[in-house]
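Asker: Have a look at this one.
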Amino acid sequence: MALIGERGSIAFRLTVWYALLSVVLIASAGSILYWVLADRLRQEDDQWLAGRIAQVRGILSLHSRDTAALQEEVHRDTAMLAGSYLRVVDANGINVIEAPIPHAFAGGRPFADPRFRTRGDEQGMDWASGSGETYRLMSARVGIIGAGFTVQVAMNRTSEEEVLAAYRRILWLALFASLAIAVIAGYLIARRGLQPVSRLAAIIAELSAAQLHRHVVNDDWPRELQPLAANFDQLLVRLDESFVRMSRFSADIAHELRTPLHILQGEAELALSKDRSKEQYRDCIASATEEYERLARMVDALLFLARTEQPDSLPNKRTLVIEHEIAAVCDFYQALADEQETTLIAGGSGTVLADSALLRHALGNLIINALNHTPSGGSVVVDVTKTSDRAVEIVVSDTGEGIAPEDLPHVFDRFYRADSARFRQGAGTGLGLAIVRSIMLLHGGLVSLDSQLGRGTTATLRFPAT
Ligand SMILES: Nc1ncnc2c1ncn2[C@@H]1O[C@H](COP(=O)(O)OP(=O)(O)O)[C@@H](O)[C@H]1O
Ligand SMILES: [Mg+2]
């Protein structure tokens with residue numbers, strides 16, 4: 001059967017449980033009813049037998065010495081003897097009465113059964129004759145002044161046994177029928193109940209990359225599947241976002257690479273178009289080298305970004321003395337500041353839990369931005385502040401040209417450069433602040449920029465409290 005092969009399926013498990021449960025329920029209900037019925041029948045039999053004994057006891061008390069009268073009294077009520085057996089034995093073991101005498105009872109044989117002999121007075125017992133009949137036996141000792149008798153009675157309860165046997169057969173039948181119905185119905189019900197799951201799977205399987213904006217959630221899904229559909233939608237939204245971001249990013253990269261490559265190609269073609277002097281070739285190669293450098297810087301920056309944005313990249317965090325880090329970076333840029341006649345001032349102190357190389361990279365990007373956008377005579381100040389919530393902030397402020405309010409929301413985007421910066425000689429790649437931001441995200445921190453056009457810019461690296 002196909003069911004057996006589906007051990008891992010929910011429908012199979014539900015069916016098994018369903019079938020087990022119905023069999024257990026029907027079996028226990030049927031057994032209880034059977035037990036009640038059988039017990040009731042037995043009680044009635046015992047009552048009847050006890051009644052017979054009481055009757056005989058009454059007759060005995062009147063005619064204990066007159067055997068003939070005794071027998072006459074008993075036989076008068078022949079109706080009562082139908083299907084039953086009565087034997088009275090006196091103290092000497094002599095049969096006083098035995099009637100009627102079914103073959104199996106000759107001489108009160110069943111009452112000699114060891115199982116019966118341990119029973120007390122008026123305690124019934126079932127006894128099966130060899131020929132397929134069942135009797136209920138009961139005996140009692142009756143003491144009359146001067147004489148003792150044993151009264152043994154039995155009644156044929158074969159028809160009751162037949163009723164009970166029929167009941168058992170019906171119970172078994174009902175059990176097998178309910179098992180079959182439970183298996184079939186349970187499987188169909190489970191399949192039907194699980195249909196939405198396959199429907200959801202089919203819809204999801206049909207989704208292609210181009211349909212990431214489609215939504216699977218709607219009111220049709222059963223309540224249990226709603227969270228799954230909703231979560232799947234959220235996953236789709238995130239996928240769609242990163243999909244769009246990725247394709248935009250590739251377009252940006254292609255665009256950024258195209259311009260310098262065109263320039264290089266144009267210059268090379270121009271140089272080759274006719275014979276040039278040694279100096280002209282040298283100029284051409286020198287200018288090309290500058291472009292190569294820019295391209296190399298851009299590729300390095302892209303690689304760095306790709307590495308910091310990898311979900312499993314973990315910064316090598318240690319507790320750092322901030323003034324040491326600031327001093328190291330400022331020392332590096334001091335020559336550039338001197339050349340531009342800009343003052344570079346390092347201040348502040350404290351400790352922070354960060355990756356030293358990444359922190360220096362971020363700080364360096366901020367300082368070089370500040371230096372690049374601050375005219376000579378200006379100053380760039382690096383400082384450290386502790387906020388009320390025990391976060392550490394490293395602040396780089398300059399007295400430079402500032403950023404226009406319309407540019408400010410975009411400066412962290414990759415490749416974004418304000419127009420004034422875009423066409424400047426030796427302009428950056430537009431990746432500096434994007435790198436700073438991803439470094440800060442790796443540290444669970446934030447970077448923010450505050451700027452006033454013509455007044456200067458303040459960049460803040462905020463590290464969360466440890
Ligand atoms: N200190 C600053 N003063 C003025 N403009 C700035 C400053 N820092 C960044 N910017 C602006 O933000 C843009 C993006 O900066 P960045 O990502 O470092 O790229 P890049 O420096 O390569 O141009 C810069 O082009 C510039 O217009
Ligand atoms: Mg920069």
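Asker: When residue 365 is evaluated against the numbered criteria (1) open to solvent by less than 20 Å² (accessible area, probe 1.4 Å); (2) more than 43 Å from the chain's Cα centre (by Cα); (3) within 15 Å of ligand 2 (Cβ to nearest atom); (4) at pLDDT 95 or above, which criterion, by number, is the only one it fails?
Answerer: (1)
Matching residues to (1) in contact with a His (Cβ under 8 Å, 6 or more places away or on another chain); (2) modelled with pLDDT of 90 or more; (3) among the aromatic types (Phe, Trp, Tyr); (4) near ligand 1 (Cβ under 10 Å from one of its atoms):
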| position | (1), (2), (3), (4) |
| --- | --- |
| 371 | no, yes, no, yes |
| 377 | no, yes, no, no |
| 383 | no, yes, no, no |
| 391 | no, yes, no, no |
| 425 | no, no, no, no |
| 431 | no, yes, no, yes |
| 438 | no, yes, no, no |
| 456 | no, yes, no, yes |
| 463 | yes, yes, yes, no |
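Asker: So in the range 439-464, with the set limited to residues that are surrounded by 21 or more Cβ atoms within 10 Å (Cβ to Cβ) and hydroxyl-bearing (Ser, Thr, Tyr), which one is nearest to ligand 2 (Cβ to nearest atom)?
Answerer: By that ranking, first place goes to 457.
Asker: State which residue pairs qualify: first residue in contact (Cβ under 8 Å) with a residue 24 or more places away in the chain and inside the range 227-243, second residue outside any helix (DSSP H, G or I) and of a type in the set (D, E, K, R) in any location, beta carbons under 9 Å apart, and separation of 6 or more residues or different chains.
Answerer: These pairs meet every condition: 236/214.
Asker: Looking at (1) farther than 23 Å from residue 415 by Cβ; (2) open to solvent by 80 Å² or more (accessible area, probe 1.4 Å), which is the one condition that is false for residue 236?
Answerer: Single failed check for residue 236: (2).
Asker: Inside the range 69-166, counting only strands (runs of 3 or more DSSP E) that do not spill past its ends, which hold 2 or more residues that are closer than 14 Å to residue 59 by Cα and in contact (Cβ under 8 Å) with a residue 12 or more places away in the chain?
Answerer: In the range 69-166, the matching strands (runs of 3 or more DSSP E) lie at 84-90, 95-99, 134-144, 147-156.
Asker: Of all residues in the range 328-352, count the ones that are part of a helix (DSSP H, G or I) and either touching a residue at least 24 places away in the same chain (Cβ under 8 Å) or in contact with a helix residue (DSSP H, G or I) (Cβ under 9 Å, 6 or more places away or on another chain) (or both). Spell out how you get there, then give the answer.
Answerer: At the first step, the residues of the range 328-352 found to be part of a helix (DSSP H, G or I) are 328-339.
Retained after the next criterion (residues that are either touching a residue at least 24 places away in the same chain (Cβ under 8 Å) or in contact with a helix residue (DSSP H, G or I) (Cβ under 9 Å, 6 or more places away or on another chain) (or both)): 328-330, 332-333, 336-337.
Of the residues in that region, 7 qualify.
Asker: May I pose another question? Would you please list the contacts, defined by Cβ atoms under 7 Å and residues six or more apart or on different chains, that run from a residue in the range 188-199 that is open to solvent by 100 Å² or more (accessible area, probe 1.4 Å) to a residue that is at pLDDT below 90 and of a type in the set (Gly, Ala, Ser)?
Answerer: Qualifying pairs under 7 Å: 191/11.
Asker: Same structure, new question: So, in the range 246-288, exactly how many residues are closer than 30 Å to residue 309 by Cα and either among the β-branched types (Val, Ile, Thr) or in contact with a Ser or Thr (Cβ under 7 Å, 6 or more places away or on another chain) (or both)?
Answerer: Matching residues across the range 246-288 total 2.
Asker: Going residue by residue through the range 108-127, is there one that turns out to be loosely packed, with under 13 Cβ neighbours inside 10 Å and within 30 Å of residue 18 (Cα to Cα)?
Answerer: There is no residue in the range 108-127 that is loosely packed, with under 13 Cβ neighbours inside 10 Å and within 30 Å of residue 18 (Cα to Cα).
Asker: Moving to a separate point now. Give me a count of the residues in the range 385-413 that are open to solvent by less than 20 Å² (accessible area, probe 1.4 Å), touching a helix residue (DSSP H, G or I) at 6+ places or on another chain (Cβ under 9 Å) and more than 13 Å from ligand 2 (Cβ to nearest atom).
Answerer: Of the residues in that region, 3 qualify.
Asker: In addition: Return a yes/no flag: does the range 52-60 have any residue that is under 30 Å from residue 91 (Cβ atoms), of a type in the set (Gly, Ala, Ser), buried (at least 17 other Cβ atoms within 10 Å of the Cβ) and more than 48 Å from the chain's Cα centre (by Cα). Show your work before the answer.
Answerer: As a first pass, look at the range 52-60 and keep what is under 30 Å from residue 91 (Cβ atoms): 52-60.
When the remaining residues are screened for being of a type in the set (Gly, Ala, Ser), the result is 54, 58.
Next, from what is left, pick out any that are buried (at least 17 other Cβ atoms within 10 Å of the Cβ): none.
There is no residue in the range 52-60 that is under 30 Å from residue 91 (Cβ atoms), of a type in the set (Gly, Ala, Ser), buried (at least 17 other Cβ atoms within 10 Å of the Cβ) and more than 48 Å from the chain's Cα centre (by Cα).
The values are calculated or read from the model by the stated rules, or taken from the named source; none is laboratory data. Keep in mind that this is a model prediction, so the values were computed, not measured. Positions of Cβ are generated from backbone atoms using ideal geometry, with glycine treated the same way; all protein chains shown enter the neighbour counts. SASA here: full protein model, heavy atoms, side chains in, ligands and nucleic acids out. Shrake-Rupley method; radii C 1.70, N 1.55, O 1.52, S 1.80 Å.
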